[in-house]
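Peer 1: Here it is, the structure, as structure tokens.
The values are calculated or read from the model by the stated rules, or taken from the named source; none is laboratory data. Keep in mind that this is a model prediction, so the values were computed, not measured. Note that each Cβ is placed from the backbone with ideal geometry, even for glycine, and that neighbours are counted across all protein chains shown.
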């Protein structure tokens, strides 16, 4: 096996491992999301067990869903990222 081929395989393996780690790092359970929402609402001054606290939890969940929807509707990188390179001179 030639040196560049070996390096390419190592680079591809490293890239795959990094992609897997980044993907797994973004995973959060429902319980963790609930804890984050509770902490956020408590930081606003709402007391657990009150109607205002429950309303705050609902608003936090809706805001997260809205942000997710907005990210999914985003078309991706700007159009010029995928443009072909200019012709050589």
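Matching residues to (1) surrounded by 12 or more Cβ atoms within 10 Å (Cβ to Cβ); (2) at pLDDT below 90:
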position	(1), (2)
9	no, yes
19	no, yes
38	yes, no
45	no, no
69	no, yes
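Peer 1: Okay, moving on. What do you reckon, is residue 31 modelled with pLDDT of 80 or more, in a helix (DSSP H, G or I) and loosely packed, with under 10 Cβ neighbours inside 10 Å?
Peer 2: Details: modelled with pLDDT of 80 or more: yes; in a helix (DSSP H, G or I): yes; loosely packed, with under 10 Cβ neighbours inside 10 Å: yes.
For residue 31, the condition - modelled with pLDDT of 80 or more, in a helix (DSSP H, G or I) and loosely packed, with under 10 Cβ neighbours inside 10 Å - is met.
Peer 1: Of the residues 76, 49, which single one is at pLDDT 85 or above and part of a loop (DSSP other than H, G, I, E, B)?
Peer 2: Values: 76 fails: at pLDDT 85 or above.
49 is the lone residue from the list that is at pLDDT 85 or above and part of a loop (DSSP other than H, G, I, E, B).
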